[in-house]
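Asker: Shown below is the structure under consideration.
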Amino acid sequence: IAALPTAGTGITPNYEAIARARPDLILLSGGAGSTFTDLQALAPTRALPWLTVADVTAGIRSVAKRLGQAEQGESLASEVENGLADNLSPESPRVLLLIGAPNEARPDLWYIKDDSLHGAALRAAGGRNALPGERPGPPSLPLERLLELDPDRIIMLISDPQTSETHLEEHRRFWDRLSQLRAVRNNGIHFLVGAENFRTGPGILKLVTTLRRALQSPTEERP
């Protein structure tokens, strides 16, 4: 697939390029909205939501069956299910998993919900979500609530692979002033940089390995 030409994205598709390719089938990551309707006019289109483990595995099986590769699809779906199975114990640390990293200028905290695909990756890595269960509404966390939660670890997923050490220092300074948090006192603040941390297909299994490595890193209370 990497060698194939691109035709925009799922959010902003290049309709002219897609029409020239004369596809037999269009697969769209996400729900059925206006983009789905527009693509449906070009070729049969299937929308695949990829928000939960069940979404991903059902999508893999569906696509594989459509492509005549049901056996391979079943194998891959099973690998994803097994790789994202809960791996919690009574000793599992309470982890706040954040999208992006706050700094002094932008102190917003956006967290990963426990019932999401990335929430499953955290549990598979052995981390207990500091905000467990289903939580309606936007995943925004006020600073006062963070102080109440006081998680063991705080892990930030940063999508931009070009994030510089200077920017990371700004993020570290934000956390250093919250020295009352145990994650700060115990060196339990982690930055995971790279777009691969936001994959929603089978590539999510690589995030499990990355998270597990972060959670297994030693902690030591600052003097």
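Asker: Please give the length that would be gained between Asp176 and Ser75 if that part of the chain were fully extended, namely 0.36 nm times their separation in residues minus their C-alpha to C-alpha distance (nm, one decimal).
Answerer: Using 0.36 nm per residue and subtracting the Cα-Cα distance, I get 31.8 nm.
Asker: Just the number: Rg to Rh for the chain, Cα atoms, Kirkwood Rh, two decimals.
Answerer: 1.03
Asker: Now for a different question. At 222 nm, what helix-only mean residue ellipticity would the chain give, in deg cm²/dmol to the nearest 500, using -39500 (n - 2.57) for each DSSP H run of four or more? Let's see the in-between values first.
Answerer: Details: 9 runs with 86 residues, N = 223.
Only helices count here, giving -11000 deg cm²/dmol.
Asker: Only Cα pairs within less than 10 Å get springs; with that Gaussian network setup on the chain, which residue of Gly59, Gly203, Gly127 has the largest fluctuation?
Answerer: Of the options given, Gly203 has the highest mean-square fluctuation.
Asker: Given that compact globular proteins tend to follow 2.2 N^0.38 Å, what is the ratio of the alpha-carbon Rg of the stretch 4-78 to that value?
Answerer: The stretch 4-78 yields a ratio of 1.15.
Asker: Still on this structure: Helix 165-176 versus the longest principal axis of the chain: what angle, 0 to 90°, nearest 10, using Cα atoms?
Answerer: Helix 165-176 and the main axis of the chain meet at about 50 degrees.
Asker: Given labels modelled 7 Å from the Cα in the Cβ direction, how far is it in nm from Thr209 to Glu134?
Answerer: Going from the Thr209 label point to the Glu134 one covers 3.4 nm.
Asker: Evaluate the relative contact order of the stretch 52-181 (contact order divided by residue number), counting alpha-carbon pairs under 8 angstrom at least 6 apart; express in whole percent.
Answerer: Reported as a whole number, the value is 27 percent.
Asker: As I understand it, the value is the acute angle between the Cα axis of helix 53-66 and the longest principal axis of the Cα atoms of the chain; what does it come to in degrees, rounded to 10?
Answerer: 20 degrees
Asker: Relative to the longest principal Cα axis of the chain, at what angle does helix 204-216 sit, 0 to 90 degrees, rounded to 10?
Answerer: Tilt relative to the chain: about 10 degrees.
Asker: Would you mind getting me the FRET efficiency between Asn87 and Phe36? Use the beta-carbon distance for r and R0 = 30 Å, nearest 0.05.
Answerer: It comes to 0.25.
Asker: Working out 0.36 nm times the residue gap between Asp160 and Leu27, then minus their Cα-Cα distance, what length gain in nm do you get to one decimal?
Answerer: Here the segment from Asp160 to Leu27 would lengthen by 45.3 nm.
Asker: Out of Pro107, Pro90, Pro202, any idea which swings most in a Gaussian network model of the chain, alpha carbons joined below 10 Å?
Answerer: The residue that fluctuates most here is Pro90.
Asker: Set Lys and Arg Cβ to +1 and Asp and Glu Cβ to -1, take the dipole of the stretch 103-161 about its Cα centre, and tell me which of Leu146, His118, Ala105 lies farthest positive.
Answerer: Final value for the positive-end residue is His118.
Asker: Now for a separate question. Using Cα pairs under 8 angstrom and six or more residues apart, how large is the relative contact order of the chain, in percent?
Answerer: 17 percent
Asker: Moving on to the next point. If I model a spin label as a point 7 Å beyond the Cα along the Cα-Cβ vector, how far apart are those points for Ala19 and Ala105 in nm?
Answerer: Distance between the two pseudo-spin positions: 4.2 nm.
Asker: Please identify the longest segment of the chain free of exposed GluC sites (Glu not before Pro), where exposed means a DSSP state other than H, G, I, E or B and no more than 10 other Cβ atoms within 10 Å. Please report the intermediate quantities before stating the final value.
Answerer: On the way: sites that count: Glu91, Glu104, Glu134, Glu220, Glu221.
By the stated rule (loop sites, at most 10 other Cβ atoms within 10 Å), 1-90.
Asker: According to a simple spin-label model (label point 7 Å from Cα along Cα-to-Cβ), what is the distance in nm between Ala54 and Glu148?
Answerer: Those two pseudo-labels are separated by 3.0 nm.
Asker: Would you mind counting up the charge near Asp152? Only other residues with Cβ under 11 Å from its Cβ, with Lys and Arg at +1 and Asp and Glu at -1.
Answerer: Around Asp152, the surrounding residues sum to +3.
Coordinate-derived values only; no laboratory data. In this text, all values refer to a predicted model and were calculated from it rather than measured experimentally. With ideal geometry, Cβ positions are generated from the backbone for all residues, glycine too; neighbour counts draw on all protein chains shown.
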